[in-house]
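Structure record follows, encoded as structure tokens.
Throughout, read-outs are computed from the coordinates displayed, never taken from laboratory work. Everything numeric here is computed off the predicted structure, so don't read it as measured data. With ideal geometry, Cβ positions are generated from the backbone for all residues, glycine too; neighbour counts draw on all protein chains shown.
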Amino acid sequence: MKKRIATTLAMLLLLMGLVPFLTAAKPLPLRVEVNTNRIYFPDEQPYVDKAQRVQVPVRFVSEALGAKVGWNATTKTVTVDLDSNRVVLVLGSKKYTVNGVEKQMDTAAERVGGRTFVPLRFISEGLDASVKWDSAVRTVYINTAGFDPSEVKQVSEQIVDLHGFKVKYNTGSQLGIKEGEGKGTKALMVLLVEFTVIGANYEMQLEEVEDILSQKVDEKTVKSVMDYVRTKKTREPELKAKEFTDDTFTIIVASNINSSIDISIYYK
């Protein structure tokens, strides 16, 4: 009997130890930036394949680079042309060519959800663009030949750790970000979705809010918060204060008439 009780307790302790892993928030979505401008994908999103290569929908990234994309459905061949450079890939093949010279990859282009995905590094470097991967914020930075990010006439993005959340400032969305003390009844952070600030991009702000919350907040709670935030699309309506919680955080969403949307994050 004692042995059975001991076994049961051991199993319970094991399950309790697994809880943080079972309830962990999902990782940040992959971001792609070309010459400091973030690329938005309308449907299928970038992902990391089995070879640990970032795969992206070829058309959107290539067009952001200024390249032209061709697709031959019969031969399942993708061509990407930029200036005097041409990259040719065949779906499922690890061989590809750059300006007629055959090269080898450790992965292959794929077809996902009606979109043609290509390994970002091989395409970009084949077009003489530089590629940098920042695993901390799951972002790929691409700069075309001759582009100097330091010459961009805007404040550079800055990544700051606020109470364990990786937050980007100066992205161009105009999302308001205020750090709090996080003690007692004081918020850890307040995110403000702006409507009246010049250059404010509503959709981009919402994506950034979701990116931030998804780092540490339960996925189901993040969805509930974003569904409520999206009910206010212009500055005029009121958004009555509403509280959302998971095992660690309390999030309060509210907005007065003709005001920004206030998303306050507290320890529970």
(request) Would you be so kind as to identify all helices of the chain, as entire DSSP H runs, whose Cα atoms reach 24 Å or more along the helix's own axis and whose mean Kyte-Doolittle hydropathy is at least 0.5? (result) 2-22
(request) Compute from the Cα atoms of the chain the Rg and the Dmax, the latter being the longest Cα-Cα distance, and quote both in angstrom. (result) 22.8, 79
(message) With a cut-off of 8 Å between alpha carbons and a minimum separation of six or more residues, what is the relative contact order of the chain in percent?
(response) 14
(message) From the mean inverse distance of alpha carbon pairs (Kirkwood) and the Cα radius of gyration, derive Rg over Rh for the range 104-176.
(response) 1.05
(message) I'd like the Kirkwood hydrodynamic radius of the range 169-268, using the inverse of the mean 1/r over distinct C-alpha pairs, in Å.
(response) 13.5
(message) Test of understanding: extend the Cα→C-beta vector of GLN45 to 7 Å, then name every residue of the range 131-151 with backbone N under 16 Å from that spot.
(response) 137-140
(message) Report the gain in length on full extension from SER84 to ILE257: 0.36 nm times residue separation, minus Cα-Cα distance, nm rounded to one decimal.
(response) 56.8 nm
(request) For the range 32-84, list log₁₀ I(q)/I(0) at each q in 0.17, 0.23, 0.25 Å⁻¹, using the Debye formula over Cα point scatterers of equal strength and ignoring solvent, two decimals each. (result) -0.64, -1.04, -1.12
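Out of all Cα-Cα pairs in the range 102-241, roughly what percent, to the nearest whole number, are more than 26 Å apart? Please report the intermediate quantities before stating the final value.
Details: 4201 of 9730 pairs.
The share of Cα pairs beyond 26 Å in the range 102-241 comes to 43 percent.
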(request) Kindly state, to the nearest 0.05, the FRET efficiency for LYS94 paired with GLU238, given R0 = 35 Å and r defined as their beta-carbon distance. (result) 0.05
(message) Show me the chymotrypsin sites (Phe, Trp or Tyr not before Pro) within the range 109-198 that DSSP assigns to loop and that have at most 16 other Cβ atoms within 10 Å of their Cβ.
(response) PHE147
